[in-house]
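The values are calculated or read from the model by the stated rules, or taken from the named source; none is laboratory data. Just so we're clear, the structure is a prediction, and the values are computed from it rather than from any experiment. Virtual Cβ from ideal backbone geometry, glycine too; neighbours counted across all protein chains shown. Side chains included, ligands, DNA and RNA excluded: accessible areas come from the protein's heavy atoms. Shrake-Rupley method; radii C 1.70, N 1.55, O 1.52, S 1.80 Å.
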Amino acid sequence: MRWIIKCPAPTDSRQQKWGDFHFARSLRKQLARHGYDVLIQYEPEWSDGDDDADVILVVRGKYRYAPRNRDALHVAWNLSHPEDVGAEEIRDYDVFAVASESHARELAQLHGRERVIPLLQCTDAEEFNLSLSLPARDRRDAIFVGNSRNVERWCVIEWLRQGYPLKIWGRGWSAWPEASRRVVSDYIENEQLGRTYGAARVSLNDHWPDMRNHGFINNRIYDVLACGLPVISDRHPELVRRFGDTIIYYDAGTSLQAAVDRYVHEYPRVFDMVQREAEQVRVRDSFEARADELADIVEARIQARGGKVVPRPRPPVRIPVKAAEPAPPAPPLPGPARVHMAAGNADAERSSAETEVHVTVAEGYPGVPGCYCPVCETAVEDFIAGGVVVKRKRARCPNCGVLERHRLMALYLRSDTPLFDGRPRRLLHVAPEPPIAGILSKLENVSYLSADLCSEHVMVKMDLTDIQYPDESFDAIVCSHVLEHIPDDAKAMREMFRILTPGGIAVIQVPVYGETTYEDFSITSEEGRLAAFGQRDHVRKYGRDIAERLAGAGLRVRTFVPPLDPDLRRRLGLKPSPIFDCRKA
């Protein structure tokens, strides 16, 4: 059975900052484990076509979707802002699921119980769970994760007015100076959020007025409770009915004092209650549980239409990637050839040593040719179309959304760099891409620093041609798809060489076109650069001779290329583009 999830998240660089993106990804993962063929279409892709879908599931977020394929079963899941949804939109769907039991009852009286059903919010129990929960004695900080959305979040402002410390992750707080001073970062990656919840002492929470009035419970409640984190939230009847005294309540717009008193004087008792509730949330309120509900509803409706439902075995979830151990002093790299260059030496020494990367496909995996994403470490039926500038076939992982270059980088970092050997390392991640940052920032042996010239979602602002850190400050640098944006790339390369410790490694990735680099600094317009270099903000097209440029900065360069075995490369979803392993002798 083919499902298409219509997700309102964009496809550009904002995608992973949208909660709907992570919601759809987790839902797809669980539906796929039922044996369904599941594709996510993001908002710009909604017109791509869905004629082959048996089920179209719309995550009703910011945008309304107008059903077109009337042969499919249409299901909408209204998660928030119920007052934005009208009667006409509800009638467009065969099933209209509502994340509030009380509001679902009201709508069912108008549109029928066959059409309107309750289906509450949930959490990804693989990302938010008690394994991340620290003991009460080790927990620190009151926190709030959320943007201001240009309105006063009453619980945050009132908490600060009363003089209580708070750490905030979110954007748009500049209009409230007291809150703005408490902002740790304007964004926290989803991969780090569970760990943050598991280490905090309490989380503040609120609901939009229409959600509170209509009995919706936001996903923050489920995520924080799943991590064993006590929460102070605005009260509404559905929340009290669902979670009782496990939550510390306040009445929005009146006073926080009663909530603060309970937080201060009853914390051990509340903490113990939350730990017990976390297990209930894992079983009752997980994406796995919601996928089971959806599967039962959809299959029953299709059978009622006279359709056939073919049960499929549940596929294995994770497939290990194994790589040969690196052998000092030059770890073997996957691929038929590596280029070794001494500093300033144009002569290339070629080696034919290879590393086998094995993908173990579980026996009996039903009709799946063993595709595997090394970033999310998940078996997928196939990769789907995607791309930032040009859409490519089989580019994007349908589970985590990453592209070919992310999968190649993850594969290489795990198999052929010293970052995963458990020894202390100082790592600089330049212009971090969230999928790779999510892997590297979690390494306990790594002191991780992210940097970018323009992005606000990094730890420090940095110009790669004028790095503010002294010589030999870092043991490793990861720099992907950055140098093609920098006019004086030679200076950036020399700066990376300068800040590396002896024996340090810089892992460099750029788009490579042919053998010879092409650049023309007389081309300055965005349209001209798009035509000449393939992207409006690129200043050159690199060839494989970038290895000589890197060697000219003093680095010993080896070129890693993906496995030549076309079947293995297809199963990993890789393109034949290189990574440059640069060592400081």
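Can you find a residue that is in contact (Cβ under 8 Å) with a residue 24 or more places away in the chain and under 18 Å from His103 (Cβ atoms) anywhere in the range 220-230?
Yes: the range 220-230 contains one or more residues that are in contact (Cβ under 8 Å) with a residue 24 or more places away in the chain and under 18 Å from His103 (Cβ atoms).
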Selection from the range 155-210 of residues that are assigned to a loop (DSSP other than H, G, I, E, B), at pLDDT 90 or above and of a type in the set (D, E, K, R): Arg171, Arg181, Arg182, Asp186, Asp206
Please determine, by comparing only the residues of the range 566-585 that are over 20 Å from His406 (Cβ atoms) and touching a Leu at 6+ places or on another chain (Cβ under 8 Å), which one is most open to solvent (accessible area, probe 1.4 Å). Arg583
Per the filter on the range 44-74, residues out of contact with any strand residue (DSSP E or B) (no Cβ under 7 Å at 6 or more places or on another chain) and of a type in the set (Lys, Arg) are Lys62, Arg64, Arg68, Arg70
Inspect all residues belonging to the range 512-528 and state whether any of them is more than 25 Å from Val390 (Cβ to Cβ), touching an Asp or Glu at 6+ places or on another chain (Cβ under 9 Å) and not in a loop (DSSP other than H, G, I, E, B). no
Within the range 154-166, is even one residue surrounded by fewer than 20 Cβ atoms within 10 Å (Cβ to Cβ), in contact (Cβ under 8 Å) with a residue 40 or more places away in the chain and within 27 Å of the chain's Cα centre (by Cα)? no
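Okay, residues lined up against (1) surrounded by fewer than 18 Cβ atoms within 10 Å (Cβ to Cβ); (2) closer than 12 Å to Ile221 by Cα:
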position: Val231; (1), (2): no, yes
position: Ala252; (1), (2): yes, no
position: Ser255; (1), (2): yes, no
position: Ala258; (1), (2): yes, no
position: Ala278; (1), (2): no, yes
position: Arg284; (1), (2): yes, no
position: Ala291; (1), (2): no, no
position: Ala295; (1), (2): no, no
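Which residue out of Ser455, Ser450, Ser441 is among the polar types (S, T, N, Q), under 20 Å from the mean Cα position of the chain (by Cα) and closer than 20 Å to Cys400 by Cα?
When all the criteria are applied, what remains is Ser441.
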Please go through the range 468-480 and pick out each residue that is touching a helix residue (DSSP H, G or I) at 6+ places or on another chain (Cβ under 8 Å) and surrounded by fewer than 19 Cβ atoms within 10 Å (Cβ to Cβ). Tyr469, Pro470, Asp471, Glu472, Ser473
Can you find even one residue in the range 88-95 that is touching a helix residue (DSSP H, G or I) at 6+ places or on another chain (Cβ under 9 Å), open to solvent by 20 Å² or more (accessible area, probe 1.4 Å) and acidic (Asp, Glu)? yes
How many residues, within the range 9-31, are open to solvent by less than 10 Å² (accessible area, probe 1.4 Å), within 21 Å of Asp51 (Cβ to Cβ) and not hydrophobic (A, V, I, L, M, F, W, C)? 0
